[in-house]
Amino acid sequence: AQSVSQHNHHVILSEAASLELGCNYSYGGTVNLFWYVQYPGQHLQLLLKYFSGDPLVKGIKGFEAEFIKSKFSFNLRKPSVQWSDTAEYFCAVNGGNYQLIWGAGTKLIIKP
Amino acid sequence: DAGVIQSPRHEVTEMGQEVTLRCKPISGHNSLFWYRQTMMRGLELLIYFNNNVPIDDSGMPEDRFSAKMPNASFSTLKIQPSEPRDSAVYFCASSLGTTTLIQYFGAGTRLSVL
């Protein structure tokens, strides 16, 4: 069965620090990969996605993610975080049917 | 487009009462998903509709939960009778087709069962 693992449940950073959130999945076939963000009290919004092509994907608000097929990973990065990036971040994977398999989420807190 | 619209935003009820959550998907989207989010279990898929037909309801916790989609622009999730352990945020999401996998989420309904 497909699964998604987000290793860090909580991350605390200071403003301007660099961010990397890990996401690993288990599925041997072609995958579509997503990062969603949930700001406090709000709904989930798509941050970025990978379907095919360049494995380095750029999303909104300066976020990017790199798909490394050999490592089954799709880590999210941002060079310099802001207080407004405080949110919960979810990685999701689709392996060919309608379902998105969701990671448990990583709560990111940025200290001003 | 107004996005996915859910109502109510907050619902407080007493144990044993019936609760009905509502969702209006984005116009033109033909896939609809109901999710439940809790601290303990994260985001769980409850049921998936495609073209108004329930395709997968394996995530529905038990018979107290039921969902309907009478037309392309409306879906309900009903809990009867409600229990305190049903307290959670319930999200509805829609997407265009089964191959376009981007799901657009509503603002959610925060349910508290006392």
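Could you list, in sequence order, all residues of region B:45-89 that are of a type in the set (A, V, I, L, M) and farther than 15 Å from residue B:29 by Cα?
The answer is B:45, B:46, B:47, B:55, B:60, B:67, B:77, B:79, B:88, B:89.
Please list, ordered by residue number, the strands (runs of 3 or more DSSP E) wholly in region B:35-106 having 1 or more residues that are polar (S, T, N, Q) and facing chain A (nearest Cβ under 10 Å).
B:42-50, B:88-95
Going by the conditions given, is residue A:1 at pLDDT 95 or above, out of contact with any strand residue (DSSP E or B) (no Cβ under 6 Å at 6 or more places or on another chain) and exposed (fewer than 12 other Cβ atoms within 10 Å of the Cβ)? Outline the logic, then answer.
Numbers: at pLDDT 95 or above: no; out of contact with any strand residue (DSSP E or B) (no Cβ under 6 Å at 6 or more places or on another chain): yes; exposed (fewer than 12 other Cβ atoms within 10 Å of the Cβ): yes.
So residue A:1 does not fit the description; no.
Anything in region B:62-74 that is surrounded by 13 or more Cβ atoms within 10 Å (Cβ to Cβ), without any contact (Cβ under 8 Å) to a residue 24 or more places away in the chain and not polar (S, T, N, Q)? List them, or say none.
Selection gives B:64, B:65, B:68.
Go through the residues of region A:10-25 one by one and say whether even a single one is at positive phi and not hydrophobic (A, V, I, L, M, F, W, C).
No, there is no match, as no residue in region A:10-25 is at positive phi and not hydrophobic (A, V, I, L, M, F, W, C).
Output the residue which, of all residues in region A:15-40 that are among the hydrophobic types (A, V, I, L, M, F, W, C) and in a strand (DSSP E or B), is farthest from the chain's Cα centre (by Cα).
Of all residues in region A:15-40, those among the hydrophobic types (A, V, I, L, M, F, W, C) come to A:16-17, A:19, A:21, A:23, A:31, A:33-35, A:37.
Still in the running and in a strand (DSSP E or B): A:19, A:21, A:33-35, A:37.
Working: A:19: 11, A:21: 7, A:33: 9, A:34: 7, A:35: 4, A:37: 8 Å.
Once the filter is applied, the top-ranked residue is A:19.
For region B:85-98, indicate whether the set of residues that are in contact with a Ser or Thr (Cβ under 8 Å, 6 or more places away or on another chain), on the phi > 0 side of the Ramachandran plot and exposed (fewer than 15 other Cβ atoms within 10 Å of the Cβ) is non-empty.
yes
The values are calculated or read from the model by the stated rules, or taken from the named source; none is laboratory data. Values in this document were obtained by computation on a predicted structure and should not be read as measured data. Reconstructed Cβ throughout: ideal geometry from the backbone, glycine too, with neighbour counts over all protein chains shown.
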